[in-house]
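FYI, it's all coordinate maths here, none of it is from the lab. For clarity, every value in this text was computed on a predicted model and none was experimentally measured. FYI the Cβ positions are ideal-geometry reconstructions off the backbone, even for glycines, and counts take in every protein chain you see.
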Amino acid sequence: MFSTARLLGRGKPVLRDHFTRICGNMSSSSHAGKRLRVLVDMDGVLADFEGGFLKKYRARYPDDPHISLDDRRGFWVSTQYGQLRSDLCEKAISIWESKDFFTELEPLPGGVEAVKEMAKMDDTDVFICTSPIKHYQHCPYEKYAWVEKHLGHDFLEQVILTRDKTVISGDLLIDDKPDILGVEPKPTWEHILFTACHNKHLSDSPPRRRLLSWADDWRAILDGKRQ
């Protein structure tokens, strides 16, 4: 388990430096063709939220009905469980509100490796752009802990926690949520829909593009965006 001291820089005042680093990186103009800024979602893109949820749900509520990954429809897990039986909505929510849920999520195949490779590319800034749940007792800390465990301590500089991704500036947003709405009606980024069990049945209308998995050609998407 990661100590608070480690996540906060072993007692050093890194939070101000973190903010300055992000503001500095995000002020560069990628539209001039000099840099590409890629925002990568966490749950369902890098971390196996759906698989982790189902495993813990079945362990905690073995006698209740569950929804297989093949039958998942719609972004909100709790909504579909509530349709299955009204009391299951709150039971589903209780899983990801529990301690260690986010920390213990397994990485999706190839995601960590892809992000590390992106971060080493010339003229490329990569940020983990993730939305914490409103029940904040565990989630924000655990998201940072997950990033440190799988991407390394230095990558904590590249984490953005926000409930509204439309206000974050970028060129690409790789995210499994089909509809990303917020106060900004025209975000600067192009949404690349990352395929997940809950969205694989949706048809894609141009100009939206899809990344089928991290085995798909994500490099071509970045290269095409540079042009």
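Couple of notes before you dig in:
- Restricting the search to strands (runs of 3 or more DSSP E) fully inside region 153-227 and requiring at least 2 residues that are touching a Lys or Arg at 6+ places or on another chain (Cβ under 6 Å) and crowded, with 19+ Cβ neighbours inside 10 Å gives 190-194.
- Residue identified as among the acidic types (Asp, Glu), surrounded by 14 or more Cβ atoms within 10 Å (Cβ to Cβ) and either outside any helix (DSSP H, G or I) or out of contact with any His (no Cβ under 8 Å at 6 or more places or on another chain) (or both) among Asp100, Asp125, Asp70: Asp125
- A residue that is buried (at least 17 other Cβ atoms within 10 Å of the Cβ) and part of a strand (DSSP E or B) can be found somewhere in region 130-152.
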